[in-house]
Amino acid sequence: MSADPKALYQDVILDHNRKPRNYGELAQPSHHAEGVNPLCGDHIHLALDIRDDTIERIAFHGESCAICKASASMMTTMVKGKHTDEAKTLIHEFVDMATGRVTAEASPHIGRLAVFSGISALPMRVKCAILPWHTLQAAFLSEPSTSTEADADPMRTAPGDA
Amino acid sequence: MSHSPTPAAPVAFDVARIRADFPILNLRVAGKPLVYLDNAASSQMPQAVIDRLVRYQTHEHANIHRAVHYLSETATAAYEAARTTLQRFINAREAREVIFTSGTTEGINLVAQSWGRQNIRAGDEIILSVLEHHSNIVPWQMLAQEKGATIRVVPMNDAGELQLDVYEALFNERTRLVSVGHVSNALGSIHPVKQMITFAHAHGVPVLVDGAQAAPHLAVDVQELDCDFYAFSGHKLCGPTGIGILYGRAALLEAMPPFKGGGDMIHTVSFEKTTYASIPNKFEAGTPPIAAAIGLGAAADYLNTLGMATIAAHEHELLRDATEQLAATPGVRLLGTAQHKAAVLSFMLQGIHPHDVGTLLNQEGVAVRTGHHCAQPLMARLGVAATSRASFAFYNTHAEVDALVAGIRTVQKVFS
């Protein structure tokens, strides 16, 4: 884990920010949600097509910082084609890592998402990284919108975590 | 006072000597000297104010306005002396026109809940501007919702200057109040409040000025402005948090009902009838933040020794330098180019989100604010979700302007 933000802004994150994968909209998605961070105005829209509990298609778009956009982009590449249970496991692993509760090394499914482990040293930016994952959780629960500040936030990180 | 920037200082301003008064400016962040450019959010405290707080807590503290013992009398005298210092700082006619609040937000809420609930009725109109901080929007919306009143909004041009022709056209027989910022926290625009007040008064409409961003940078003279209310915060003025001032014209304050009930704001209490104290005590229910008020008085003393005109002149030079350098930096867009500005620079870096800018500038030791600056209607008008904002104080230097510009180039390099 690094406290150096420059280490966080490494090539893989900058690349996903510059060329986000699965960026855009889906026609007639089976699940969708909007995630907003009212503290900074960031928002992303996430749409999924889930068949037989498998994420067949996924797309996102919105306005956000590089951390949020790269997190969303990498999330879509990681969960596409996966069973929803695998995606839910990944949501929890990612949030636990980003909030510093669990190290990347102790997260068996985290893979290349470990590039976000340094975010836990930047408390004001943790929400940027986990907003896409909150939004994915909201889409699974068929909640049309989620907010990093809402009581209804399905992830409900403890105060101080983000 | 004038809303025009003070002309350049004729003599060199000894910033090095002044910086020595601020122990926190010696801090290193991320291994680099702190470059503190978030003064519009909160300014730093000089040793003189820190010492005054320590002296009060060490030698003078007791509750005020109550007991006859030595410490209570000492604390009361110090508290009331601070009120007089602040009265002079804004050139109010009388000390009783100076109400200690918890800050600008409470000052505005006090007027909205006390004067507003007494004077605003269904169908009435309150004029605000599109540049207001949320604290000068939401209290009026709450009041308008309760009373069935309407908020009217003065627009701005693309430079961030209020459109006075539209302002004047907003007035009608239902207009009851104007509440407007003196200086925009997000863009730094200095609004022509004196001219706006004169126009409002010609229509019999009182004006509240939100001076949170003006009091630290300009010499405020409430008599010259002829405003009816003027609110500002201590912590943006080198003072402590949790303290602020609401100036109100005595006749208005006297006619207003209390804002909060409790001790210290009464004359007599029985279960049948309570009579209220005179101003300012009527508006200072409960034990106030005594130390913070005394600290704010010490901060005003400190600023007076420097001279607000000298402060404004130095800050204006920093603004000119920073504006020129940022305008000459490729990929930087300045937001807010009003002719009359305080030393606040909002900017966007092409293709880079403000939060990423803020995080990476922090790595260079440079503290800026990123976000919507509690001015979401203004952000909507500008068509952005957030900006980066560098805001200067008199203890900032031209070398720190250079550090900001170098930091911006580093951020651009990371994203190139």
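Odds and ends about this structure:
- Hey, B:Thr387 under 19 Å from A:Cys128 (Cα atoms), within 12 Å of chain A (Cβ to nearest Cβ) and touching a Phe, Trp or Tyr at 6+ places or on another chain (Cβ under 8 Å) or not: yes
- Residue within segment B:357-373 that is within 14 Å of another protein chain (Cβ to nearest Cβ) and farther than 30 Å from B:Asn26 by Cβ present: yes
- Residue that is nearest to the chain's Cα centre (by Cα), among those in segment A:75-86 that are surrounded by fewer than 24 Cβ atoms within 10 Å (Cβ to Cβ) and within 21 Å of A:Leu8 (Cβ to Cβ): A:Thr76
- Residue ID - surrounded by the most Cβ atoms within 10 Å (Cβ to Cβ), chosen from residues in segment A:88-112 that are assigned to a helix (DSSP H, G or I) and in contact with a Leu (Cβ under 7 Å, 6 or more places away or on another chain): A:Phe94
- Only a single item in (1) β-branched (Val, Ile, Thr); (2) over 28 Å from B:His133 (Cα atoms); (3) buried (at least 22 other Cβ atoms within 10 Å of the Cβ) is not met by B:Thr268, and it is number (3).
- Among the conditions (1) surrounded by fewer than 22 Cβ atoms within 10 Å (Cβ to Cβ); (2) over 19 Å from B:Lys236 (Cα atoms); (3) modelled with pLDDT of 95 or more, B:Ala367 misses just one, which is (2).
- Residue match in segment B:285-298 (condition: in a helix (DSSP H, G or I), under 23 Å from the mean Cα position of the chain (by Cα) and surrounded by fewer than 18 Cβ atoms within 10 Å (Cβ to Cβ)): no
- Subset of segment A:30-66 that is away from chain B (no Cβ under 14 Å) and assigned to a loop (DSSP other than H, G, I, E, B) - its residue that is surrounded by the most Cβ atoms within 10 Å (Cβ to Cβ): A:Ser30
- Test: residue in segment B:101-114 that is out of contact with any Cys (no Cβ under 6 Å at 6 or more places or on another chain), surrounded by fewer than 18 Cβ atoms within 10 Å (Cβ to Cβ), outside any loop (DSSP other than H, G, I, E, B) and modelled with pLDDT of 95 or more: no
- Some residue of segment B:244-252 being part of a helix (DSSP H, G or I), more than 16 Å from B:Pro216 (Cα to Cα), assigned by TED's automatic domain parsing to the domain that holds B:Leu110 and touching an Asp or Glu at 6+ places or on another chain (Cβ under 7 Å): yes
- For segment B:315-335, the set of residues classified as of a type in the set (Gly, Ala, Ser), surrounded by fewer than 20 Cβ atoms within 10 Å (Cβ to Cβ) and either within 20 Å of the chain's Cα centre (by Cα) or outside any loop (DSSP other than H, G, I, E, B) (or both) consists of B:Ala327 only.
- Residue in segment B:164-182 that is part of a loop (DSSP other than H, G, I, E, B), crowded, with 17+ Cβ neighbours inside 10 Å and in contact with a Leu (Cβ under 8 Å, 6 or more places away or on another chain) present: yes
- For segment B:239-248, the criterion of a residue being surrounded by 15 or more Cβ atoms within 10 Å (Cβ to Cβ) and over 15 Å from the mean Cα position of the chain (by Cα) is satisfied by at least one position.
- In segment B:218-225 there is at least one residue that is crowded, with 20+ Cβ neighbours inside 10 Å and within 23 Å of B:Glu125 (Cβ to Cβ).
Each row is one residue, and each column tells you yes or no for (1) within 13 Å of chain B (Cβ to nearest Cβ); (2) more than 14 Å from the chain's Cα centre (by Cα).
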{"position": "A:Lys88", "(1), (2)": "no, no"}
{"position": "A:Glu105", "(1), (2)": "no, yes"}
{"position": "A:Pro108", "(1), (2)": "no, yes"}
{"position": "A:Gly118", "(1), (2)": "yes, yes"}
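- Verdict on B:Ala338 being modelled with pLDDT under 95 and either surrounded by 19 or more Cβ atoms within 10 Å (Cβ to Cβ) or within 14 Å of chain A (Cβ to nearest Cβ) (or both): no
- Selection over segment B:374-392 of residues that are buried (at least 24 other Cβ atoms within 10 Å of the Cβ) and not in a helix (DSSP H, G or I) gives a count of 8.
- The single condition from (1) surrounded by 14 or more Cβ atoms within 10 Å (Cβ to Cβ); (2) assigned to a helix (DSSP H, G or I); (3) out of contact with any strand residue (DSSP E or B) (no Cβ under 8 Å at 6 or more places or on another chain) that A:Ala72 fails is (3).
- Residue that is surrounded by the most Cβ atoms within 10 Å (Cβ to Cβ), among those in segment B:29-75 that are assigned to a helix (DSSP H, G or I) and in contact with a Pro (Cβ under 9 Å, 6 or more places away or on another chain): B:Val49
The values are calculated or read from the model by the stated rules, or taken from the named source; none is laboratory data. Because the structure is a prediction, the values reported are computed rather than measured. Positions of Cβ are backbone-derived with ideal geometry, glycine not excepted, and every protein chain shown enters the neighbour counts.
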